[in-house]
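S.K.: Got a structure here, written out as structure tokens. Questions coming.
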Amino acid sequence: MFVMAALVTSGARETVKVRNMSSNGALVEGPVLPLAGTPCLLHRGDLSLEAHVVWVKPGKAGIRFRNTADVGQWLPSGRRTQSEVDAAVKMAKAEFVSAPAPKTPAPLFSTELSREEVNHTAAAMEALADELADDPAVVARFMTKLQTLDIAAQTLRKLATQIP
């Protein structure tokens, strides 16, 4: 999961990336984060959650929500949940297995891709998305596209686990 949100405290409002969100808390990333123990409000669009900072490391913090969160509401609109992505991958694999082989195959690569190559591509996509997300102008203009990059990288990592 990767969405942009505002982390609001009594003295500041910072834009953060929300990652690894659960119903009880989330990992947030940003250049300026409050100290552990600080009460805060995670805000995105019409959604907000009261929370407090549990731990802080450079550029990252763990927050715990005061009440249970509906993670589905925090996903980018029109985006699929991980279980839906998993189901789509499974369906695509099933269709691929049952589809007749083309008479004149035109492979994209001269050799099969390895798990390492797919993971390397996913890491490169994540690095690109993170680098672009550090620019507020890019985030403002291309937020949905940045989230699409993150989802694509997650999908590649999932596919890599299925390569022998």
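Read-outs: derived from the displayed coordinates by stated rules, not from any lab. Please read these numbers as outputs of a predicted model, since none were measured by experiment. Counting neighbours? That spans all protein chains shown, and the Cβs are built from the backbone with ideal geometry, glycine included.
S.K.: Test ARG66 against the criterion of being farther than 20 Å from ALA133 by Cβ and basic (Lys, Arg), and give yes or no.
M.R.: Working: farther than 20 Å from ALA133 by Cβ: yes; basic (Lys, Arg): yes.
So ARG66 fits the description; yes.
S.K.: Here is a follow-up. Could you list, in sequence order, all residues of region 1-23 that are surrounded by 14 or more Cβ atoms within 10 Å (Cβ to Cβ) and part of a loop (DSSP other than H, G, I, E, B)?
M.R.: Selection gives MET1, PHE2, THR9, MET21.
S.K.: Here is a further query. So for region 142-161 (the condition being over 23 Å from GLY59 (Cα atoms), over 12 Å from the mean Cα position of the chain (by Cα) and surrounded by fewer than 13 Cβ atoms within 10 Å (Cβ to Cβ)), does at least one residue qualify?
M.R.: yes
S.K.: Moving on to the next point. For residues that are of a type in the set (Lys, Arg) and touching a strand residue (DSSP E or B) at 6+ places or on another chain (Cβ under 7 Å), scanning just region 1-60, find the one that is farthest from ASP150 (Cα to Cα). Please lay out each step first, then the result.
M.R.: In the first step, residues of region 1-60 are kept if they are of a type in the set (Lys, Arg); the result is 13, 17, 19, 44, 57, 60.
Add one more test, that the residue is touching a strand residue (DSSP E or B) at 6+ places or on another chain (Cβ under 7 Å), and what stays is 13, 17, 19, 44, 60.
Numbers: ARG13: 24, LYS17: 11, ARG19: 10, ARG44: 18, LYS60: 18 Å.
Looking at the filtered set, the residue picked out is ARG13.
S.K.: A follow-up question, please. Would you mention how many residues in region 37-72 are free of Cβ contacts under 8 Å to residues at least 24 places away in the same chain and either of a type in the set (Val, Ile, Thr) or not in a strand (DSSP E or B) (or both)? Step through it out loud before you land on a result.
M.R.: From region 37-72, those free of Cβ contacts under 8 Å to residues at least 24 places away in the same chain are 37, 45-46, 48-50, 52-53, 55-58, 66-67, 72; that's our starting set.
Then drop every residue that is not either of a type in the set (Val, Ile, Thr) or not in a strand (DSSP E or B) (or both), which leaves 37, 45-46, 53, 56, 58, 66-67, 72.
Qualifying residue count for the region: 9.
S.K.: Being more than 22 Å from GLN154 (Cβ to Cβ), in contact with a Phe, Trp or Tyr (Cβ under 8 Å, 6 or more places away or on another chain), surrounded by fewer than 16 Cβ atoms within 10 Å (Cβ to Cβ) and of a type in the set (A, V, I, L, M) is the requirement here; does ALA51 meet it?
M.R.: On the way: more than 22 Å from GLN154 (Cβ to Cβ): yes; in contact with a Phe, Trp or Tyr (Cβ under 8 Å, 6 or more places away or on another chain): yes; surrounded by fewer than 16 Cβ atoms within 10 Å (Cβ to Cβ): no; of a type in the set (A, V, I, L, M): yes.
No.
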